[in-house]
Amino acid sequence: MANDYYSPYKAVHHRDKINKIRNGDLALPSYIEVGLTGRCNHNCGMCIFRNNPFPRNVYQSVEGLNKMDIPLKIISKLAKEMDELKIPAVEITGAGEPLCHPQIEKVLTEFSKYEIEVALVTNGALLTNKILDCIKNPKWIRISVDAASPEVHARVHGVPGQFDKVLDGVVRAVEWAKGYPDVVIGASFIIQKDNFLQITNFTELMKSCGVDNVRLAHEVTPKWDELFNDQEKIKILNYLKSAKSFEDKDFRVFAMVDRLPSFHPEPIGVDQCGYQFFAASLSCDCLFYPCCVTKFNRDYMYGDLRNESLTEILLGDNRKKLVQTFPYDACEFCYLREKVKFIDYLCQSDPPHVNYV
């Protein structure tokens, strides 16, 4: 389908990486996720970095997380070396709110010195035209809204008086994106007890604001089954169907219901996690991890950008060893499972009867 921004099948367009995986070689990622800061102006109850909802403590407690920032000199180094290695894209996000970084405009300007595609994940409350104008090669922005009213937003995001600021940020991003025909503006909604009644209203509101799509995803928690009773779960499915009715050629609704099995994982029988060949995650402590799911878990850390080059990190022995030994089926949860399964399929030899598509 056109405009399927969340397709789990994008790996098929990266045959060079698939061939490297098949040959047992390391591949450079197609994008780097940069968790710019641990600071945050909101206090969302569903934040997986602060609330550690998983029994095995996937997101290990990091002392001083709410004061951590990647220094500008490290960002400058990262952008320059990404350009040299021809890594084409960066996603600016965080364990906190990336726009809380004290030098956010200079950070964005560093990436704008090169032909690096830039994506931004933000809660929108601090989004200004000055910040937006620092992005010279934008691809998409996703704003975490999670509500359709000030009261519900205050409960979900843990701070009062922010909803109108967030809506202003959404509208500002939509207007700014008109200068970039290929830029996609999306809004996200994490389904939880405090907001599920607003799924449809949220979708209608975001469409009226002019965004290109909304993403409706379940809260990341191992206690999903305990959050809602059976009647509420039926209501949620009906609200999601109602939300889909707002779709047209200019507006997409992504209901990420396939994520539920990720919270009750069963082994899926893959030989390795192929997703880590396509992505790398730099956290606000300047350390590299395979993905956002493993961020801050030192068992999966494979490089420190403060004292290693990007080449040494991404093509070095630590990452190679991790790729070879990564215990994917032991992951506490993974909402990237469909991508991992498809990458694994692409890396296998031709199946029987391959011509009978």
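For segment 266-357, the solvent-accessible area of protein heavy atoms averages 47 Å² per residue (probe radius 1.4 Å; ligands and nucleic acids excluded).
Less than 5 angstrom separates the built amide H of Ile191 from those of Ala217, His218, Glu219, all sequence-distant by 5 or more or on a different chain. Candidate values (1) 70, 56, 44; (2) 84, 64, 56; (3) 52, 50, 41 were compared with Cα extents along the principal axes in Å computed on the shown model; the agreeing label is (3). Projecting the Cα atoms of Leu205, Val270, Gly35 onto the charge dipole of the chain, computed from C-beta unit charges around the Cα centre, puts Gly35 farthest toward the positive end.
If you count the DSSP beta bridges with both ends in the chain, what percent of them are antiparallel, to the nearest 5? Mind dumping the intermediate values first?
On the way: 6 of 40 bridges.
Close to 15 percent.
Name all residues of segment 288-311 having a backbone nitrogen under 12 Å from the label point set 7 Å from the Cα of Glu84 along its Cα→Cβ direction, giving them as ranges. Under cut-off, by backbone N: 308-311. Say we join alpha carbon atoms closer than 10 Å with springs in a Gaussian network model of the chain; which of Pro150, Pro102, Pro181 then has the biggest fluctuation? Fluctuation is largest for Pro181.
Evaluate the relative contact order of the chain (contact order divided by residue number), counting alpha-carbon pairs under 8 angstrom at least 6 apart; express in whole percent.
21 percent
Could you tell me which GluC sites (Glu not before Pro) in segment 299-357 are loop residues by DSSP with no more than 10 other beta carbons within 10 angstrom of their beta carbon? Passing both the DSSP loop test and the Cβ count: no residue. Separation between the Asp248 and Asp271 pseudo-spin-labels, each 7 Å from Cα along Cα→Cβ, expressed in nm? If labels sit at Asp248 and Asp271, their model points lie 4.9 nm apart.
Counting only helical runs of four or more DSSP H residues, what would the 222 nm mean residue ellipticity of the chain come to if each run contributes -39,500 (n - 2.57) and the total is spread over all its residues? Intermediate results must be reported in sequence, preceding the final value.
Working: 13 runs with 117 residues, N = 357.
Rounded to the nearest 500, it is -9000 deg cm²/dmol.
Accessible surface area normalised per residue over segment 5-149 is 44 Å², counting heavy atoms of protein chains with a 1.4 Å rolling probe. In terms of the Cα gyration tensor, with a ≥ b ≥ c the square roots of its eigenvalues, is segment 140-270 rounded because a/c is under 1.5, prolate because a/b exceeds b/c, or oblate? Cα axes put segment 140-270 in the prolate bin. For the options Thr93, Thr200, Thr325, a Gaussian network treatment of the chain with springs between C-alpha atoms closer than 10 Å singles out Thr325 as fluctuating the most.
Express the carbon and sulfur contribution to the solvent-accessible surface of the chain as a percent, rounded to the nearest whole number, probe 1.4 angstrom. It is 49 percent, rounded to a whole number. Charging the Cβ of each Asp and Glu at -1 and of each Lys and Arg at +1, and nothing else, the dipole of the chain about its Cα centre rounds to 220 debye.
Sorted by mean Cβ packing within 10 Å, highest first, what order do the peptides 23-29, 70-76 take?
Values: 23-29: 15.4, 70-76: 17.4.
The most tightly packed comes first, giving 70-76, 23-29.
Assuming R0 = 41 Å, can you tell me the calculated FRET efficiency for the pair Glu175 and Leu26, based on Cβ-Cβ distance, to the nearest 0.05? Before the final figure, lay out each step's value.
Working: r = 42 Å, r/R0 = 1.03.
About 0.45, to the nearest 0.05.
The values are calculated or read from the model by the stated rules, or taken from the named source; none is laboratory data. Remember, it's a predicted structure, so these values are computed and weren't measured experimentally. Cβ coordinates were reconstructed from backbone atoms using ideal geometry, including for glycine residues, and neighbour counts include every protein chain displayed. Note: accessible area is taken over every heavy atom of the protein model, side chains too, but ligands, DNA and RNA are not part of it. Shrake-Rupley method; radii C 1.70, N 1.55, O 1.52, S 1.80 Å.
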